[in-house]
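Q: The following block contains the structure, expressed as structure tokens.
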Amino acid sequence: MKIGILAVQGAFAEHKTKLEKLGARCVELRKKEDLDGDFEGLVLPGGESTVQGKLLRELEMFEPLKEKIQAGMPVLATCAGVILLADHLSNDGHVYFGTMPVTVKRNAYGRQLGSFHTIREMKGIGQVPMTFIRAPYIEKCGEGAEVVAEVDGNIVAVKYKEQYGLAFHPELDEDDRIHEAFLNSVKKYAKKNSPNTWL
């Protein structure tokens, strides 16, 4: 099982470390040619969404990745990643992939707050640690988008088809269950699309 991790900018290394610890092979996606590999899942890491969106277009990676997401490839998107997936941003005129029917507010907790940590319930997993760094949150979910976690009345995790959008950084905590759940969805996707592939 191979996971593609967007590595043009942002906190991708921590995702790679955690996924490899769980037994996945990872490829860093830095240029268009890297998208030709046979990866079955995609990680969109935290970082600067505007910079990531700009680089994706300049490197001609935007459309090929969008096609993979629209075709059903499982995606784990954290912080800036959920901004890339959202089909509407309440405080920004940009839309990037637009593959998830949610409205996201960028820097929703305010730049001055920096970061905070909490432990809350995540549907299907249980109590999980959540680290927020200049985080967005989801203001509204459209048809088919399922709320899987909230903090103080704000939506911080959503699932839509095989896309997982998190406002926090599970790669920065020791708990592996979110990445394990993502890898389980990748396994199901890979078996469905390549039934003879050994995983």
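Q: Rank the residues THR118, THR103 as a footprinting-exposure proxy: fewest other Cβ atoms within 10 Å of their Cβ go first.
A: Numbers: THR118 13, THR103 17.
So the residues, fewest neighbours to most, are THR118, THR103.
Q: Once you have the Cα-Cα distance between THR50 and THR118, take 0.36 nm times their residue separation minus that, and quote the gain in nm to one decimal. Before the final figure, lay out each step's value.
A: Numbers: separation 68, 0.36 × 68 = 24.48 nm, distance 2.68 nm.
Gain on stretching THR50 to THR118: 21.8 nm.
Q: Still on this structure, please answer the following. Give me PHE39, PHE116, PHE168 sorted ascending by neighbouring Cβ count inside 10 Å, so fewest comes first.
A: On the way: PHE39 23, PHE116 13, PHE168 31.
Sorted ascending by nearby Cβ count, the order is PHE116, PHE39, PHE168.
Q: Report the convex hull volume per residue for the chain, counting only C-alpha atoms, in Å³. Please list the in-between numbers first.
A: Values: hull volume 21.2 nm³, N = 199.
Normalising the Cα hull of the chain by residue number yields 106 Å³.
Q: Using a Gaussian network model of the chain with C-alpha springs under 10 Å, which one of ILE83, ILE178, ILE119 is most mobile by mean-square fluctuation?
A: Looking only at ILE83, ILE178, ILE119, the biggest GNM fluctuation is shown by ILE119.
Q: Also: If each residue of separation counts as 0.36 nm, what is the full-extension length gain between LYS31 and LYS188 once their alpha-carbon separation is subtracted?
A: Values: separation 157, 0.36 × 157 = 56.52 nm, distance 2.71 nm.
Gain in length upon complete extension: 53.8 nm.
Q: Turning to a different aspect of this structure: Given a 10 angstrom Cα cut-off, can you work out which residue in ASP92, ASP38, ASP152 is the most mobile in a GNM of the chain?
A: Largest GNM mean-square fluctuation: ASP152.
Q: Let me ask something else about it. Mind checking the dipole of the chain: about its Cα centre, +1 per Lys or Arg Cβ, -1 per Asp or Glu Cβ, Debye to the nearest 20? Provide the component values of the computation, followed by the final result.
A: Details: 26 positive and 28 negative charges, 31 e Å.
Rounded to the nearest 20 debye, it is 140 debye.
Q: Taking θ = phi - 60°, what integer Hz values does the Karplus form 6.51 cos²θ - 1.76 cosθ + 1.60 yield along segment 136-147, in sequence order, with x for Gly and Pro?
A: Here the 3J(HN,Hα) series is x, 9, 8, 7, 7, 10, x, 4, x, 8, 9, 6 Hz.
Q: Over the Cα atoms of segment 1-103, Rg to Rh with Kirkwood Rh, two decimal places? Don't skip to the end; give the middle numbers.
A: Working: Rg = 12.8 Å, Rh = 13.6 Å.
Taking Rh as the inverse mean 1/r over Cα pairs, Rg/Rh reads 0.94.
Q: Can you tell which of TYR164, THR131, GLY144 lies farthest toward the positive end of the dipole of segment 52-171, using +1 and -1 charges on the Cβ of basic and acidic side chains (Lys, Arg; Asp, Glu)?
A: Of the listed residues, the answer is THR131.
Q: Mind checking which of LEU29, LEU59, LEU19 has the largest fluctuation in a GNM of the chain, springs on alpha carbons under 10 Å?
A: Comparing LEU29, LEU59, LEU19 in the GNM, the peak value goes to LEU59.
Q: Which pairs break 24 Å Cα to Cα here: LYS68/LYS191; LYS66/LYS187; LYS66/LYS123; LYS68/LYS159; LYS54/LYS192; LYS54/LYS188?
A: Numbers: LYS68/LYS191 16 Å; LYS66/LYS187 20 Å; LYS66/LYS123 27 Å; LYS68/LYS159 17 Å; LYS54/LYS192 33 Å; LYS54/LYS188 32 Å.
Violating the 24 Å Cα-Cα cut-off are LYS66/LYS123; LYS54/LYS192; LYS54/LYS188.
Computed from the coordinates by the stated procedures, all read-outs in this text should not be read as laboratory data. Just so it is clear, the structure is predicted and the values come from calculations on it, not from any experiment. Positions of Cβ are generated from backbone atoms using ideal geometry, with glycine treated the same way; all protein chains shown enter the neighbour counts.
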